[in-house]
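One structure is given below, encoded as structure tokens.
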Amino acid sequence: QLQLVESGGGLVQPGGSLRLSCAASGFTLDYYAIGWFRQAPGKEREGVSCISSSGGSTNYADSVKGRFTISRDNAKNTVYLEMNSLKPEDTAVYYCATGLIITNQAICPNSGMKLWGKGTLVTVSS
């Protein structure tokens, strides 16, 4: 079966860092753009970042630009989200997802993603 599994979440103090991982099983990520999304308590899910199949193109939400970095290691079938200078407002469940559409673009529409992980909780609090 096709699966995406997030890991790396946890409790971190403001200003701290975490690295989230998104590992694929049952298929290879080589061909697909992968996106990170998050849903904070009481809020709608929002896109955080997106990376093209080769890793050559990336996009970030304005709220995380300069603080988060998305990357991928296709040999490991894994996508990462490095989160630095974390703020309490970054607290959310973070999900990775793919549209399972072969593309060389970093496009990850919220409503267009077909396969989602179950999420990993990031809590930024002192």
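From the list PHE37, PHE27, the lone residue that is closer than 16 Å to LEU115 by Cβ and either free of Cβ contacts under 8 Å to residues at least 24 places away in the same chain or more than 13 Å from the chain's Cα centre (by Cα) (or both) is PHE27. Here is the figure for the range 78-105: residues that are within 11 Å of SER53 (Cα to Cα), modelled with pLDDT of 95 or more and of a type outside the set (Ser, Thr, Tyr) total 1. Checked against (1) within 16 Å of SER7 (Cα to Cα); (2) open to solvent by less than 50 Å² (accessible area, probe 1.4 Å), TRP116 passes all but condition (2). Screening SER126 against (1) part of a strand (DSSP E or B); (2) open to solvent by 30 Å² or more (accessible area, probe 1.4 Å) leaves a single unmet condition, (1). Cβ-Cβ distances below 8 Å connect the following pairs, each with a first residue in the range 71-94 that is of a type in the set (Val, Ile, Thr), a second residue that is modelled with pLDDT under 95 and open to solvent by less than 10 Å² (accessible area, probe 1.4 Å), and a separation of six or more residues or different chains: THR78/LEU29; VAL79/LEU29.
The values are calculated or read from the model by the stated rules, or taken from the named source; none is laboratory data. The model shown is predicted, which means the values in this text are computed figures rather than measured ones. Note that each Cβ is placed from the backbone with ideal geometry, even for glycine, and that neighbours are counted across all protein chains shown. The protein model used for the area step is the full one, side chains on, heavy atoms only, and it has no ligands, DNA or RNA in it. Shrake-Rupley method; radii C 1.70, N 1.55, O 1.52, S 1.80 Å.
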